[in-house]
Structures are given as structure tokens and as C-alpha cells.
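Following: one structure in C-alpha cells, then a few remarks.
Since every read-out is calculated from the coordinates, none of them should be taken as a lab result. Since we're looking at a predicted model, the values are computed, not measured. In this analysis, Cβ positions are derived from the backbone assuming ideal geometry, glycine residues included, and neighbour counts consider all displayed protein chains.
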Amino acid sequence: MSATLRRVRTATLDIAYEESGAADGAPVFLMHGWPYDPRCYDEVIAPLCSAGARVIVPYLRGFGPTRFLSQETMRSGQQAALGNDLREMMDALGVDRAVLAGYDWGGRAACIVAALWPERVRGLVTVNSYNIQDIPGSAKPQSPEQERRFWYQWYFQTERGRAGLENNRGTLCRLLWELWSPHWQFDAATFARSAVSFENPDFVALTIHSYRHRYGNIAGDPKLEETEHRLAQKPKLTVPTIALQGDADGVLPPEASQRHAGFFTGPYQRHVLPRIGHNPPQEDPRAFADAVLKIMQA
């Protein structure tokens with residue numbers, strides 16, 4: 001299905017987004033992860049549009065054609081920035097309430113809006129369940145096996161890691177796709193269609209800030225401190241939610257998200273997807289679309 005590339009301005013960003021479906025349809029925001037882009041949703045959109053949805057797929061800050069309005073704005077990749085971007089985008093588009101769906105960075109943005117501004121959310125589809133970071137608790141070590149999975153996060157704490165991402169962003173990001181989704185047989189053309197989004201001039205700075213901030217190793221945007229304080233309280237989600245989990249996820253395995261059920265106090269379902277990794281909308285678009293449709297029709 002052909003999507004229309006549009007732009008909308010918030011307080012800090014000129015956000016590029018792709019829109020499909022009826023202009024008066026039920027709004028659905030599909031939020032991509034890192035390092036991915038809207039191409040991950042190409043096979044998800046058609047069934048949603050057939051069900052009457054207005055499908056909006058933004059390029060997150062630091063990806064593709066999305067740009068900051070000012071050179072003076074802090075290039076923050078912190079979780080509060082991602083959630084605030086989504087809320088401000090909804091405001092700019094005049095969308096009062098929407099279904100939110102996403103994974104990784106995009107799933108975090110969706111979870112944040114659902115947690116802090118639940119009146120704006122009809123329902124949520126989230127991969128890996130509760131994606132809000134526990135930054136105050138980030139110094140507590142996890143199991144050695146989980147720490148191994150996070151090697152790239154430790155790499156980005158160093159200046160060598162920054163330089164490695166700057167100089168090898170294509171090969172590094174492709175390696176992560178392979179490690180995180182071991183059964184996904186994507187080809188070079190598929191990766192190339194998304195990799196162009198990583199050439200955004202702020203991609204590296206935002207990535208490094210995101211991974212350093214989540215471990216308390218760099219300051220966040222002072223304008224977002226109130227939001228970060230609210231997130232540090234580990235707010236629970238009251239909106240109807242379907243959580244998806246790939247059983248071959250190379251970042252967060254099923255046993256990790258299985259422990260998240262207590263964060264959801266509204267209607268909640270969790271589905272484990274066989275042989276699926278970290279990128280369910282592109283690896284199993286039918287399952288992802290079905291989850292969104294269930295939330296739309298609830």
C-alpha cells in the first residue's frame with residue numbers, strides 16, 4: 001500500500017511521517033525501534049487500513065528526514081524525549097486519542113504516553129511488554145548472560161564506541177539485526193532500505209546520548225526532568241494492552257518480559273511468537289497487525 005510522506009512541526013522537531021488510510025479513520029501510530037525505521041511496518045499497514053484505520057508511521061528523532069528545528073536544541077535520546085515527541089506529535093496533528101503500537105525505542109515512546117497520559121490512548125501494542133527504563137536502578141547488575149546481550153550498550157559508553165558507530169554504522173547495525181533476530185532471513189536490499197535512515201546527521205549523537213543516559217552516565221535535557229522523575233516512579237499502565245514477545249529475541253528473552261505483568265493494571269494479554277526475534281512487525285507482520293486490530297476492535 002502506498003503511503004504519503006508528510007511533515008508536522010512540534011516545539012523542537014520537524015517530524016517526517018508516512019500516512020496511509022482514510023483521513024477520518026481511527027488513528028493508529030506505529031513506532032519503530034533502533035536501529036530500524038518505518039520500513040519495518042510496510043507489511044502491517046494494509047490490514048489496518050482495510051479495517052478503517054488512519055495509519056501514521058513517524059521517523060523518530062535522529063532517523064530519516066526528521067530534523068531538529070534549532071541547532072541549539074540538545075540532541076537528547078533519553079526516554080522522556082521519545083515519549084514527549086509522540087505526545088507533541090499527536091497534539092500537532094489534532095489527534096485526541098489513538099492506538100499506539102511499537103517496539104524498542106518506539107515501544108518505549110508508546111508505553112510512556114500510555115503511562116503518563118492514558119486519556120490519549122485507546123490501547124497499546126508493545127513488544128517486550130514494559131519498556132520504561134528503570135534509570136535509578138540501572139547500576140544493579142543483571143545476569144551474566146543478559147549482560148552479554150547488552151555488549152553494544154557498554155560499547156556506546158566509550159568514545160571508541162562512538163567512533164565505531166560513526167565510522168561503521170551500516171555494518172554495526174546490520175550485525176545487530178542478525179544477532180537480535182537469528183531466524184530472520186533478510187537480504188541486503190531489505191537492510192539497505194532502512195539503512196538510509198541512519199544517515200540522519202543526529203543519528204550518532206542521539207544514539208550515544210540514549211545509551212549513556214539510561215545508565216546515569218550523562219545528564220538529560222533539563223526541560224524533561226519532570227517527565228523523567230515521573231518515569232522513575234515506574235508508573236503502571238491502565239490502558240488495554242497486548243504485549244508481543246519473540247521467543248528468539250536477542251535483546252530481551254521471553255523470561256524477562258514474563259515478569260512485567262504487574263506493571264499492567266488494565267486488560268492485558270501477552271503472546272510469545274515462535275522463532276521471532278526483536279523486530280516482530282517485519283519478521284511476523286501478520287501477528288503484529290492482528291494484535292493492533294484486536295486493540296482497535298476492543
Handout entry: Antiparallel bridges, percent of DSSP beta bridges restricted to the chain (to nearest 5)
Key = 35
Fill in the blank from the handout: Non-local residues with an amide H under 5 Å from the amide H of residue 34, with H modelled 1.01 Å from N and Pro and chain starts lacking one, are 105, 106
Exercise for the section: Return the long-range amide H neighbours of residue 273 (sequence gap of 5 or more, or a different chain), with a cut-off of under 5 Å between placed amide H atoms. Expected result: 245, 246, 247
Completion exercise
Here, trypsin sites (Lys or Arg not before Pro) of the stretch 15-121 satisfying both criteria (DSSP loop; at most 16 other Cβ within 10 Å) are 97
Fill in the blank from the handout: Note on the stretch 4-297: contact order normalised by length, alpha-carbon pairs under 8 Å, 6 or more apart, percent, works out to 23
Fill in the blank from the handout: DSSP beta bridges in the stretch 1-137: the antiparallel percent, rounded to 5, is 50
Problem - Kirkwood Rh in Å, taken over the stretch 125-205 so that all alpha-carbon pairs contribute - result: 14.9
Problem - Whole-Hz ³J(HN,Hα) from phi, Karplus 6.51 cos²θ - 1.76 cosθ + 1.60, for the stretch 68-84, glycine and proline x - result: 6, 6, 10, 5, 7, 5, 4, 7, 8, x, 5, 4, 4, 5, 5, x, 5
Practice task
Return the sequence-ordered ³J(HN,Hα) values of the stretch 138-146 in whole Hz as given by the Karplus equation 6.51 cos²θ - 1.76 cosθ + 1.60 applied to θ = phi - 60°, using x for Gly and Pro.
Solution key: 6, 7, 6, x, 9, 5, x, 5, 5
Problem - Size descriptor, Kirkwood hydrodynamic radius, that averages inverse alpha-carbon separations across the stretch 4-297, Å - result: 18.9
Practice task
Show the residues, 5+ positions off or on another chain, whose built amide H is closer than 5 Å to the amide H of residue 121.
Solution key: 98
Handout entry: Cα lying deepest toward the dipole's positive end in the chain, options 232, 295, 274, charges on Cβ
Key = 232
Completion exercise
With a ≥ b ≥ c from the Cα gyration tensor eigenvalues, square-rooted, and the rule rounded for a/c under 1.5, otherwise prolate when a/b > b/c and oblate otherwise, the stretch 132-171 is prolate
Problem - Loop-resident sites, the stretch 225-298, for trypsin sites (Lys or Arg not before Pro), counting at most 16 other Cβ within 10 Å (DSSP) - result: 236, 275
